[in-house]
Each structure stands twice: as C-alpha cells, then as structure tokens.
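Notes to accompany the following structure.
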Amino acid sequence: MSRTQSRFWLILLLTILSLVISLPQEINLNPHLFGRSFNVHLVRPDLKLSLGSYDFSRSLDIKLGLDLAGGTRVTLDADMSSIAPENQADALDSAKEIIAQRVDLFGISEPNIYSQQAGSAYQIIVELPGLDDPQAALELIGTTAQLEFLTPIYDQTSTESAQPELVDFQPSTLTGADLQKTTVDFDPNTGQPVISLQFSPSGTEKFAQLTKEYLGKPLAIALDRQPLTAPIVQSEITTGQAVISGDFTLEGAQLLSKQLNAGALPVPIKITSQNTITATLGADSINQSVRAGLIGLSVVVLFMIAYYGQLGLIASVGLFIYGLVTLSLYKLIPITLTLPGIAGFILSVGMAVDSNILIFERMKEEIRAGRAWPVALELGFGRAWDSIKDANIATLITAFILFNPLNWSFLPTSGPIRGFAVTLALGILISLFTGIFVTRTLLRLFYHGPRSIKLFSSQS
Amino acid sequence: MNWLKYRFLYFFISLAILLPGLYSLWSFGLNPSVEFTGGSLLEISLENPSPDQIKDLLSPTYSIHSLNHDSSTITLKLDPLTQSQADQIVSDLKTLDSQAKLISFTSVGPSVGGQLLTKALTAIVIAALATLLYIAYSFRNLTFGFFAIIAMLHDTLILLGSYSLLGHFFGFQTDLLIVTAILTTLSFSVHDTIVVFDRIRELKNKTTSSLYALSNRAITETITRSLNNSLTIIFMLLSLALLGGDSIKHFTIALLIGAITGTYSSTFTAVPLLVTWDTIRRK
C-alpha cells in the first residue's frame with residue numbers, strides 16, 4: 001500500500017469516527033423497504049476510557065453557554081477591607097466554596113463558579129444555566145456567610161433509658177466572628193488530616209466555657225443553618241486552640257476548613273453585575289445561527305465548485321471533514337459553545353477555504369507556466385505553504401491574546417471573548433490539517449487534471 | 001497590469017471613507033453598551049408596545065437613558081438595577097400589557113465597565129505589537145511590518161468610524177463583541193496583507209526589477225485569490241447577518257465591514273504605501 005493510500009484510509013477512519021461523535025446520541029430511523037417498515041433505534045454509548053489512574057469520560061453532548069442555553073450570570077464583588085492581606089486569598093476561596101454550596105441547594109445542574117482578581121477588586125463570577133427566574137437564588141447567594149456553634153439539647157423527661165436522649169441543637173453565643181482562622185494539619189501520631197481552629201481572645205473565653213459545660217457531649221457547627229459537623233468535646237480547652245479529628249480524607253478536611261473559614265473570615269459580597277437570558281431566546285439564537293451557517297456554507301460550496309470545478313468539489317469534501325472533526329473536538333475537549341463561539345467557527349470555515357484557494361491559484365499558475373499537473377499539484381502545495389503559515393500564525397497570535405490563557409489581569413478574561421478565541425484558534429489548526437493534509441491526499445488519489453491538460457501532460 | 005498607476009485614486013477612496021467616520025467619531029463618539037458604561041439593559045417582550053405609555057409609566061421612578069422598540073419587544077436602558085427591581089418593572093408593565101415578559105436582563109456596576117474598556121484596549125495594542133514583531137521577524141524587514149500595521153490601523157479606524165455612524169443614526173451599540181470584531185479585523189487584515197507581501201518577497205528573490213514593477217506583478221498574481229477568499233468569508237457573514245439571530249446581527253455586520261476593508265487595504269493601501277515610500281526614499 002502506498003503512502004498516499006494509507007493516508008487515505010487514515011482520513012476515512014478519522015471521518016467515520018468524527019461522524020459517529022458528531023451525530024446526535026439517539027437516532028430513530030423508519031425505513032420502508034420492500035413494503036415493510038423497520039424501526040431502527042440507534043443509541044451511541046457514552047465515552048469512557050481508563051488508562052491507569054487516568055479516567056477519560058465524556059457524555060458527547062455539546063455544552064452550551066448561557067447565551068444559548070439561557071440562564072443567569074452574576075459578578076459579585078468581595079469587600080476585603082476587613083480582611084488581613086495574607087488571608088485574602090483564603091477568604092475569597094471560602095466565599096466561593098460557600099456560594100457553590102448555596103447554589104447546590106437550588107439543585108442547579110452544572111453551575112460554573114470562579115473567582116478572579118481585577119486590579120485591587122476580588123470578584124466571584126457565578127453562572128447558573130437554565131435559571132429563568134433567579135430572584136430567590138440571587139438573594140441567597142448575595143448574603144454573607146453565617147457560622148454558628150450549637151449546643152445540644154437533651155430530652156430531660158425521658159426516664160426509660162439511663163442516658164438522656166439528644167433531641168436538638170440550639171445556637172450558642174459563640175459564632176464565626178469569634179473564630180480567627182482554620183487550617184488543615186496532620187495528626188503527628190496517625191498522619192490523618194485534622195482541622196485546627198484558632199479562636200480570637202473573646203472566642204477563647206466563650207469556647208473554654210462551652211467545652212467545660214459540654215465535656216463529653218457533641219458541639220455542632222452550622223453554616224447558613226446547615227449543619228457541617230458535630231465533634232464530641234474530648235477535654236476542656238482554655239488555650240483557644242482546638243483540633244477536630246475524625247476519619248477525614250484530605251479533600252474532606254480541606255472542604256470543612258474552607259467552610260469554617262467562610263465564617264471566620266466573613267467577606268461581605270455584593271452583586272455588581274448581572275446578565276439573565278431566557279432559554280427561549282437562547283434556543284432561537286441557535287436555530288437561526290445554525291440555519292444561517294448552513295446556508296452560508298452551501299453558498300461557499302457552490303462558489304468553490306463553480307469556480308474551481310473538480311478541484312472545488314474535492315475542497316468541499318475537505319470542508320465537510322473539517323466540519324465533522326471540529327464538531328467532534330468541541331464535544332471531546334469539551335468546549336462550551338457560545339454565540340460568539342459560533343461566529344468564530346463560521347469565520348474559521350471561511351478561512352479554511354482560504355488555504356485551498358491559495359493552493360489552487362498556485363497550481364493554476366504552475367500549469368500556465370507549462371508544468372504537468374502532478375508537478376503543478378505538488379508545487380502548488382509547496383509554494384503556498386509560506387503564505388498559509390505566516391497568515392495563520394498572525395491570526396493564531398490574536399486568538400492567543402484574546403483567549404488570555406495565563407489569566408493576565410490586564411487582558412479581558414470574559415467568557416464570550418474566550419469562546420470566540422477558542423473556536424477561532426481551533427478552527428485554524430483543524431483547517432491547516434484538512435486544507436493541506438486531507439485535500440492533498442484526496443487530490444493525489446482522485447484528481448487526474450483538467451481534461452485538456454491531461455492529454456498534454458501524458459506526453460511529458 | 002499597472003495597478004499602481006492609480007495609487008492616488010486608492011488613497012483618495014480610503015480618505016473618502018475614513019473622513020466621515022473620523023468626523024463622526026470626533027463629534028458623536030461611539031454608543032457604548034452598558035458593559036462599558038455601567039447601567040442596566042432590559043429586553044421585554046410585549047404584545048403591542050407603546051413607547052409613550054411606557055415612558056409615562058416608568059419615568060417618575062426611573063431615569064430612562066434610552067428606549068428602543070420593535071413590533072414585539074422593547075429595550076430599556078436604565079441605571080444599574082437589582083433583579084427584584086427588574087422584576088418590579090415587568091410587573092408594572094403588566095398593568096399596560098398582561099403579556100409583558102422579561103427576555104433578557106443585564107446590569108453592570110460602573111466600576112466593572114471601566115475595567116473592561118481598559119482591558120479591551122490593552123488587548124488590541126498587544127495584538128498589534130505582537131503581529132508587528134512577527135512580520136518583522138518573518139520578513140526580516142521592519143518596513144513590511146510597518147505598512148502592514150498601517151493598513152491594519154486603517155481598517156480599525158474605518159470599522160470604528162462606521163460604528164460611530166451606525167451608532168449615531170441606527171442606535172448600534174459598541175459592546176464587548178465589537179471589540180472582538182475589531183481584533184478579528186486586525187488579524188484578517190494582516191492575514192491578507194501577508195499574502196501579498198509574501199509574493200513581493202518571493203519575486204524580489206527571483207528577479208531584479210524595481211519594487212514598482214514587482215508589486216504590480218504581485219498584485220496581479222494574488223488578486224484572484226484575495227477576492228475569492230474574501231467572497232467566501234463574506235458569503236458566510238452575509239448569511240449570518242441577514243438570517244442569524246438579532247443577538248449577533250451587529251457583531252456580524254462589524255465583521256463584514258472588517259472583512260471588506262481588510263481585503264481592500266491589503267492590495268490598495270499597504271502595497272501602494274510601500275511603493276510610494278520606496279519612491280520617496282530613492283529620490
């Protein structure tokens with residue numbers, strides 16, 4: 001098998017693979033054959049790969065951004081004025097953790113919560129997909145965390161058992177304001193992760209009082225009225241330094257520490273900007289953009305075939321493979337598709353054709369200069385490469401700056417701009433592959449030159 | 001073909017398009033969206049919007065910066081609001097029209113807006129500088145890079161100018177997407193200029209003719225490719241602008257202006273400037 005042939009099989013394999021990934025997960029077919037109708041129901045399984053300890057699983061659905069799926073995006077400003085500079089990063093982390101927990105309470109699927117530092121301002125950005133009426137969620141998200149220490153209440157009337165029954169907890173005077181900071185440490189004897197609590201002077205006094213009164217009994221800690229943990233008091237603690245030990249995993253200990261810190265380092269947060277888009281508006285946008293994209297694409301294909309004939313047809317096949325590979329990568333990476341992202345994709349389709357136009361124009365020139373078409377084909381690809389490379393690198397540079405991968409705070413970190421940059425960059429890279437590798441292989445195999453030149457070239 | 005014989009005509013066409021835009025930028029400025037200025041934008045669907053009634057209803061309580069409407073929706077620009085205030089406005093409007101429904105709501109605090117503008121401008125400057133460095137490196141020649149950047153600047157100013165005019169006469173807003181469109185225009189413009197310059201460089205190594213003759217030949221050899229490439233991009237963008245949703249219409253129109261001026265400036269601004277500069281230098 002020649003190299004070109006093996007490349008062709010590789011391309012065919014890739015195309016089929018991309019086709020399977022690109023198609024919707026469930027397909028219903030009702031073909032009528034020989035007067036009988038069949039009902040074919042095809043379901044593609046989700047992708048699950050395991051390589052050693054690395055798991056790769058994808059649901060293979062396109063992830064839609066808020067502008068397409070509908071939902072609410074809020075930016076919260078965290079007021080750090082009362083937090084010591086060395087604790088600010090921890091405080092922001094905790095505030096973020098608390099918001100994540102509150103969002104969880106609303107049962108919102110796949111929320112997106114991240115923090116960023118813009119100049120001296122600390123911000124938390126919360127994206128809640130599919131939430132049309134965000135009023136209740138926003139009220140809860142925007143409040144400052146409340147950490148309380150609760151003391152147990154026992155049923156005094158019960159006489160049947162020797163031990164009084166624990167019925168409820170009640171808030172004590174000890175609150176998050178009395179806690180200075182918590183950290184995750186390791187027990188020197190067992191190596192188990194534990195959480196160290198450091199109380200303020202006023203807290204030390206209150207905590208000593210509580211541990212004396214409730215020795216051997218549980219003390220519950222609750223955040224926003226949600227119980228976090230209820231450790232049993234082992235001894236009276238007068239130093240203001242306590243340790244919560246238990247069967248913690250490292251992650252579990254870190255989460256609890258963050259939750260406690262949210263109470264210890266309460267950061268007032270305030271909604272400074274908000275953007276809500278209803279799901280119907282999003283769905284309309286998708287349908288319109290997809291339809292516009294398909295029509296635009298058909299015009300491009302017609303133009304290429306009308307102008308370049310057979311060459312244009314092969315370029316269009318390349319473009320089709322380009323579309324499939326791109327869509328599959330969106331699903332595999334996965335890329336959250338936004339409206340600007342769709343625009344970036346459509347723009348990159350135009351640029352994908354450009355590589356082919358550059359090459360075909362070069363080929364025509366070489367043929368005009370009297371070269372046989374197989375030579376012209378190779379020369380066309382070779383000579384066009386310099387222009388293609390320089391032009392695409394320049395576009396990649398812009399995409400890189402727009403994407404801002406290092407999160408430089410002096411450049412935009414906004415979702416829509418990133419969405420555009422990532423689809424543009426991906427589009428350019430894939431178009432280099434399909435426009436050059438795929439089209440060249442297909443041309444070598446299936447293109448036998450324009451008829452008039454074929455006669456001429458067979459003699460040379 | 002002697003393309004460069006008419007180079008002063010090309011400069012004149014550029015100026016004829018640039019000047020009205022620059023005048024508009026100078027006197028009307030841009031129409032910045034709430035993303036940059038701070039404030040809130042409410043899009044509400046109504047059965048029969050009547051702007052006057054809505055104004056009468058809302059103006060005692062809120063300061064209305066602008067009110068646009070079409071057959072089924074109104075767009076209100078107000079000071080920053082909270083979600084509950086926005087919900088209140090919609091329930092107020094229900095007294096006029098029981099079908100009133102909030103479609104989209106954006107509210108931006110004033111400080112956030114300022115930051116964004118600075119960042120966007122920084123991104124544009126950095127992208128331009130990075131491109132200049134890349135061309136200078138790739139062509140081993142700063143002059144090529146310089147004129148590619150001039151062509152790029154030409155396109156940016158045309159885009160900004162047109163946007164100022166569109167903003168003044170048709171209420172087009174300059175938002176974050178427009179900044180993205182400017183950056184795309186920059187890269188598209190350079191993309192196209194590089195192809196022509198690349199051909200000039202190639203011919204320079206092959207023949208000993210003057211830069212004037214070389215450039216004429218380079219334009220002849222690249223103009224089909226340049227036009228065909230632009231046509232495919234313009235087909236895609238035009239279909240998006242005409243058939244795509246309202247939310248990206250302005251964005252695609254900006255990209256369309258950018259694609260057209262980007263194609264024009266490579267052949268008819270960058271190359272003629274390069275040749276003119278070369279003629280002046282030789283004298």
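A short reminder: the numbers here are calculations on the coordinates, not readings from a lab. What you are looking at is a predicted structure, and each value in this text was computed from that prediction instead of being measured. For neighbour counting, all protein chains shown are included, and Cβ atoms are generated from backbone atoms with ideal geometry for every residue, glycine included.
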Sorted by Cβ density within 10 Å, fewest first, the residues B:D79, A:D61: A:D61, B:D79
DSSP-loop GluC sites (Glu not before Pro) across segment B:24-115, with at most 15 other Cβ within 10 angstrom: B:E47
Exposure proxy order (Cβ contacts within 10 Å, fewest to most) of A:D354, B:D70, B:D87, B:D198: B:D70, B:D87, B:D198, A:D354
Net +/- balance of residues flanking A:A253 in space, Cβ distance below 11 Å, scoring K and R +1, D and E -1: -3
Neighbour-count ranking [beta-carbon atoms within 10 angstrom, fewest first] of B:W3, B:W277, B:W26: B:W26, B:W277, B:W3
Inter-centroid distance (Cα atoms) of segment A:189-252 relative to segment B:96-147, Å: 50 Å
Where N is the number of residues in segment A:71-277, Cα Rg divided by 2.2 N^0.38 Å: 1.13
Total formal charge among the other residues, if their Cβ is under 15 angstrom from that of B:W277, Lys/Arg +1 and Asp/Glu -1: +3
Counting all C-alpha pairs of the protein assembly as shown, share separated by more than 37 Å (%): 54 percent
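Are there GluC sites (Glu not before Pro) in segment A:139-236 that DSSP marks as loop and that have at most 15 other Cβ atoms within 10 Å, and which are they?
Passing sites in segment A:139-236 are A:E160, A:E236.
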Average projection area in nm² (convex hull over Cα atoms of segment A:309-435, one quarter of hull surface): 8.3 nm²
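Please identify the DSSP H helices in chain A that span no less than 27 Å along the helix axis (Cα) and have a mean Kyte-Doolittle hydropathy of 0.5 or more.
In chain A, the long hydrophobic H runs are A:3-22, A:279-308, A:310-332, A:339-368, A:373-403.
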Rounded tilt (10° steps) of B:83-93 against the dominant C-alpha axis of chain B: 70 degrees
Rounded to 10°, Cα long-axis angle of helix B:211-243 versus longest principal axis of chain B: 20 degrees
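First measure r as the distance between the Cβ atoms of A:L302 and A:W385, then evaluate 1/(1 + (r/R0)^6) with R0 = 35 Å and state the FRET efficiency to the nearest 0.05.
0.80
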All-pairs Cα distance distribution in chain B, expressed in whole percent, bin size 10 Å: 6, 24, 27, 19, 12, 8, 4, 1, 0
Under DSSP loop assignment and at most 11 Cβ neighbours within 10 Å, longest chymotrypsin sites (Phe, Trp or Tyr not before Pro)-free interval of chain A: A:39-460
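With a cut-off of 8 Å between alpha carbons and a minimum separation of six or more residues, what is the relative contact order of segment A:71-277 in percent?
30 percent
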